[in-house]
1. Need the full-extension length gain, V150 to L81, defined as separation in residues times 0.36 nm minus the C-alpha distance. One decimal, nm.
2. Ranked from the most accessible area to the least, with a 1.4 Å probe and all protein chains present, what is the order of E110, E122?
3. Could you rank the peptides 91-101, 111-121, 153-163 by their average count of other C-beta atoms within 10 Å per residue, with the highest value first?
4. FRET efficiency for A165 and T23, Cβ-Cβ distance as r, R0 = 22 Å, nearest 0.05?
5. Could you work out the relative contact order of the range 61-137, using alpha carbon pairs under 8 angstrom and six or more residues apart, expressed as a whole percent?
6. Run the dipole for the range 44-168 about the Cα centre, Lys and Arg Cβ at +1, Asp and Glu Cβ at -1, nothing else charged, and hand back the magnitude in debye, nearest 20.
7. Over all pairs of distinct alpha carbons, what does the Kirkwood formula give as the hydrodynamic radius of the range 106-168, in Å?
8. Please give, to one decimal in nm, the separation of the simple spin-label points placed at L116 and E140, each 7 Å out from Cα toward the Cβ.
Amino acid sequence: NRISVQVTIDRTVLDELDDDDRTGVLTALAEGLARSSKPKTVEDLEADLARAQSVARVGSWVSIDDGAMRGSAEACRIFGLPEDLDLHGPDDLDAHIHPDDRALRRQVRERVFEDLQPFRYEQRILRPEGEERTTVVSGEPMFDDDGTVVGLRGTVQDITEQRAAQAE
């Protein structure tokens, strides 16, 4: 009575982590998967994923074709937003993006619907209390059975401390 779980971690996400954080993410995943001999429930797997995201400070998100967006609890924490917040369109998200980086975000979004390729870029965000943070956004298009793009999914990682350390 075993289930098989495949976990894929984008190498570029791990490369952004320092050794302690990288070890923490991999340990959290391994512990979560090995914690119990009973089959994992969806809730167990979601809890393991949430723990790994929190350790790595990497959130996940999905955006459907009309621009409505839903983020994981960690993605919401990175932005300083309530964990159950749904953004209803690009303008809702733009309110949390540094004004100088909004055009880049829009260009990447437009290009992915034309090129149908994964993407990665850095952007600054503004948390509700006014704090500026630097994030890396990675994503890819989602397709329906006919090959039509129906949305985007990806990750957001807070790299503020890494950029500050590099600047020193």
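1. Length gained, V150 through L81: 22.3 nm.
2. Per-residue accessible area, sorted high to low, gives E110, E122.
3. Result, highest mean first: 153-163, 91-101, 111-121.
4. 0.80
5. 23 percent
6. That gives the range 44-168 a dipole magnitude of about 460 debye.
7. 13.3 Å
8. For L116 paired with E140, the spin-label model returns 1.4 nm.
The values are calculated or read from the model by the stated rules, or taken from the named source; none is laboratory data. Because the structure is predicted, anything quoted here is derived from the model rather than measured. In this analysis, Cβ positions are derived from the backbone assuming ideal geometry, glycine residues included, and neighbour counts consider all displayed protein chains. The protein model used for the area step is the full one, side chains on, heavy atoms only, and it has no ligands, DNA or RNA in it. Shrake-Rupley method; radii C 1.70, N 1.55, O 1.52, S 1.80 Å.
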